[in-house]
Amino acid sequence: MRGGEERLGRFRYRWTETCFPLGGDSLALGEFCTLRRGDSVLDLGCGAGLLLLLCARREEGLTLTGVELDPEAGETARGNLAENALEGRILTGDLREVPLPRGVDLVISNPPWYPAGSGGLGGPGRMEEGCTLPQLCRTAAGALRGKGRFALVHRAERLAGVLAALQDAGLEPKRLQFCRHAPDKLPYAVLAEGVKGGRPGLTVLPDLI
């Protein structure tokens with residue numbers, strides 16, 4: 001099966017043609033999310049496990065869990081964890097139905113960016129075909145401990161929906177950062193992090209270019 005591989009510091013990331021290759025939006029999310037040594041991390045829609053590797057590259061002693069609908073991508077994620085000598089679980093199935101861990105410190109996700117039927121362009125898995133953004137946020141909130149964090153990357157033009165979905169799920173938006181391809185270009189993506197039961201107060205970081 002065609003795909004590719006990339007080096008992530010001391011780690012190697014492999015993917016097949018049905019998985020996401022290494023992308024700037026995932027790299028940005030991997031650096032943006034608030035992460036502490038020993039955190040339990042859950043990736044909703046983990047694909048081949050890229051975000052789990054990016055988190056493990058930053059901090060040690062993490063408890064890693066991913067959930068992925070596509071069996072092939074899930075198996076590739078298991079292989080990536082094993083090849084890089086990382087312990088973790090990859091659950092296969094619909095994230096709204098799979099029994100997820102509870103009391104998690106950090107949930108991360110690079111979800112589909114385009115609503116079903118919108119005509120949006122993108123690679124595999126870029127259309128919302130089942131789980132909507134509000135459902136994703138509610139699922140994240142259900143897995144988090146009190147004051148736990150949910151970090152995601154999404155299309156910049158859907159910022160209003162991202163913030164509304166976070167708040168409706170009880171995840172107070174606390175950090176925000178726009179991604180641009182160049183200083184004179186409009187933002188193409190937005191990074192957002194909400195805290196379960198957090199107090200109001202949003203920090204907008206300088207744009208990532």
In the stretch 142-164, what count of residues is obtained for those that are open to solvent by less than 10 Å² (accessible area, probe 1.4 Å) and part of a helix (DSSP H, G or I)? 2
Subset of the stretch 193-209 (residues that are within 14 Å of Leu163 (Cβ to Cβ) and not in a loop (DSSP other than H, G, I, E, B)): Glu193, Gly194, Val195, Thr203, Val204
Of all residues in the stretch 70-111, which are hydrophobic (A, V, I, L, M, F, W, C) and either surrounded by fewer than 19 Cβ atoms within 10 Å (Cβ to Cβ) or in a strand (DSSP E or B) (or both)? Ala82, Ala85, Leu86, Ile90, Leu91, Val98, Leu100, Val104, Leu106, Val107, Ile108
Of those in the stretch 47-69 that are charged (D, E, K, R) and closer than 19 Å to Glu31 by Cβ, the residue surrounded by the fewest Cβ atoms within 10 Å (Cβ to Cβ) is Glu60
Criterion first (touching a strand residue (DSSP E or B) at 6+ places or on another chain (Cβ under 6 Å) and surrounded by fewer than 23 Cβ atoms within 10 Å (Cβ to Cβ)) does Gly38 satisfy it? no
Name every residue in the stretch 42-65 that is under 16 Å from Ser109 (Cβ atoms), outside any loop (DSSP other than H, G, I, E, B) and more than 10 Å from the chain's Cα centre (by Cα), in order of residue number. Leu53, Leu54, Cys55, Leu64, Thr65
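The values are calculated or read from the model by the stated rules, or taken from the named source; none is laboratory data. No experiment lies behind these values; they were computed from the predicted model shown. Glycine also receives a Cβ, built like all others from the backbone with ideal geometry; neighbour counts cover every protein chain displayed. Note: accessible area is taken over every heavy atom of the protein model, side chains too, but ligands, DNA and RNA are not part of it. Shrake-Rupley method; radii C 1.70, N 1.55, O 1.52, S 1.80 Å.
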